[in-house]
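As structure tokens, the structure follows; a few thoughts come after it.
The values are calculated or read from the model by the stated rules, or taken from the named source; none is laboratory data. Since the structure is predicted, the reported quantities are computational estimates derived from the model, not experimental observations. So basically every Cβ, Gly included, is an ideal-geometry build from the backbone, and we count neighbours across all protein chains shown.
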Amino acid sequence: MAKQSESEPMHVVIFVEGDTDEVLFKALIEHYRTISRAPIRPCRICNLKGVTRYSSKLVAKLQNEYLPEARKKGYQIQTVCCSYDTDVFEVRNPLIVNWDALRKTVKRMGIDEFVQLGIRSSIEDWLLCDMEGICHYLGLSTIPKSIKGSNGNAKLNDLYGKARRIYQKGYQVKELVASLDMSLIRKKNVDALAELEKGLNVTIQP
């Protein structure tokens, strides 16, 4: 596909693998809008409902929906970002997605930037970056000195258990995420977010 005119407004599409990721990234985008000295580029978040769908649904979404809409409305999709939890690749199947082939396919569509954003090891690990915010949300008076669990999901379940509650993935985390300090989550994952922030034109005072 031929590149679109450089004078056209540039947009970003962020693909995420699940509902929890969608909630967190929506909050992160709102945080960027608040702190960026320059307006961030328009973006949309697409929930693929599973990391294995990067190999099929992402391409179909771009070809059949997002690129035709961009041509019709006169803007250019400049950047595609693929967010995924790294635990699936570390533990189950490192070749579950052929990222090099996907990158080439996206480039052939005329999209300049392809960003791989690996969340180590899962989205729950990013939520745990703000322990104080989680404990405040749960009504815990102090931050536990230690929490049990071999991964972020197990640790959150242990933390919720201390408040006699059960952690539930998905859209149920909206209230939790709303209570977290996004600046803290960003700060602790700034290297992982660097390429996405560049694509979004996030400009932050040093």
Scanning segment 170-180 for residues that are touching a residue at least 24 places away in the same chain (Cβ under 8 Å) and not in a loop (DSSP other than H, G, I, E, B) gives G170, Y171, V173, K174, E175, L176, V177, A178
Taking first residues from segment 130-151 that are without any contact (Cβ under 8 Å) to a residue 12 or more places away in the chain and over 9 Å from L180 (Cα atoms) and second residues anywhere that are surrounded by fewer than 17 Cβ atoms within 10 Å (Cβ to Cβ) and not β-branched (V, I, T), the pairs with Cβ under 8 Å that are 6 or more apart or on different chains are K148/A154; K148/D158; G149/D158
(request) Determine whether segment 62-74 contains at least one residue that is outside any helix (DSSP H, G or I) and in contact with a helix residue (DSSP H, G or I) (Cβ under 9 Å, 6 or more places away or on another chain). (result) no
So, first residue assigned to a strand (DSSP E or B) in segment 3-20, second residue basic (K, R) and modelled with pLDDT of 95 or more, Cβ within less than 6 Å, six or more apart or across chains; the pairs are M10/R41; V12/R41; V13/R44
If we scan segment 181-196, do we find a residue that is small (G, A, S), in contact (Cβ under 8 Å) with a residue 12 or more places away in the chain, exposed (fewer than 14 other Cβ atoms within 10 Å of the Cβ) and out of contact with any His (no Cβ under 6 Å at 6 or more places or on another chain)? yes
